[in-house]
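Presented below is the structure to which this report refers.
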Amino acid sequence: FGSLGSIQAARMKKEKPVFSISCSNSFYKKKILEDVGMFSEELGNQGEDWDLGVKLEKKGYVVYGLKDSFVWHHFRATPAAFWKNMVFYGDGRMLLTTKHPDFVKVKYMLPLFFIPILFLSMLVGALTKNMLVFAPFLYFPVMFLYSFWISFLQKKMGLVFHVFFVFLLQHFGYAVGMWKGCRWFFHRNL
């Protein structure tokens, strides 16, 4: 929920082509990495997997997600560490947007508008007293219902509010990171 169908958030039901895979979940032939120029060192660990996906696609290579494959990740130990990581990822998205504008899709930019839309709907709602402008806030009950559903499926109903809180951190942190990352449009030439 909120990862926009990212392969990192799903278990593959069948082998199929994908755009990119998290570098901690993948393996590549060395000669192919050499052919595309390896990893872009200036990115560090900020979007290097997506950047590699762009380079592979431009050279005509196809990346496959493998059926029933998955990697166990250790999540950040504290809410503050998770928040920091989500801000880092959002910032990285904007860095990649400046480097590869031809690969940007509208869905990648949605988090950039998340906070302004909420703020504007509150402002307009307060000024006009029109309840319809509060429609964007329906996102939160949907997020809570999804948290409930996940907890129910996992038979861990005591975690509903924890899951919901993690989603809040994820969505707001990523959005804040994207706003922070707008600096890449002015300060970096990749």
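The values are calculated or read from the model by the stated rules, or taken from the named source; none is laboratory data. Everything quoted here is computed from the prediction, not taken from an experiment. All Cβ positions, glycine included, derive from the backbone under ideal geometry; neighbour counts span all protein chains shown. Quick note on the areas: whole protein, heavy atoms, side chains included, nothing else; ligands and nucleic acids left out. Shrake-Rupley method; radii C 1.70, N 1.55, O 1.52, S 1.80 Å.
How would you rank 101-109, 114-122, 31-39, highest first, on the average number of other Cβ atoms within 10 Å across their residues? Before the final figure, lay out the partial values.
On the way: 101-109: 10.8, 114-122: 14.7, 31-39: 12.6.
Listed from highest to lowest mean packing, they are 114-122, 31-39, 101-109.
Using a probe radius of 1.4 angstrom, the carbon and sulfur fraction of the accessible surface of the stretch 104-190 is 77%. Given their separation in residues at 0.36 nm each and the Cα-Cα distance between them, Ile32 and Leu127 gain 28.4 nm when the chain is fully extended.
Specify whether the C-alpha gyration tensor of the stretch 61-190 places it in the rounded, prolate or oblate class, a ≥ b ≥ c being the square roots of the eigenvalues: rounded for a/c under 1.5, otherwise prolate if a/b is larger than b/c and oblate if not. Since a/c reaches 1.5 but b/c is at least a/b, the shape of the stretch 61-190 is classed as oblate.
Excluding same-chain neighbours fewer than eight residues apart, the aspartates and glutamates reachable from Lys55 by a Cα-Cα span under 14 Å are Glu34, Asp35, Glu41, Asp102.
Each Cα pair under 8 Å and six or more residues apart adds its separation to the average, and for the chain the resulting relative contact order is 27 percent. Packing-based ranking of 138-147, 154-163 yields 138-147, 154-163, ordered from highest to lowest mean Cβ neighbour count within 10 Å. Sorting 131-137, 18-24, 55-61 by their mean Cβ neighbour count within 10 Å, with the most densely packed peptide first, gives 18-24, 55-61, 131-137.
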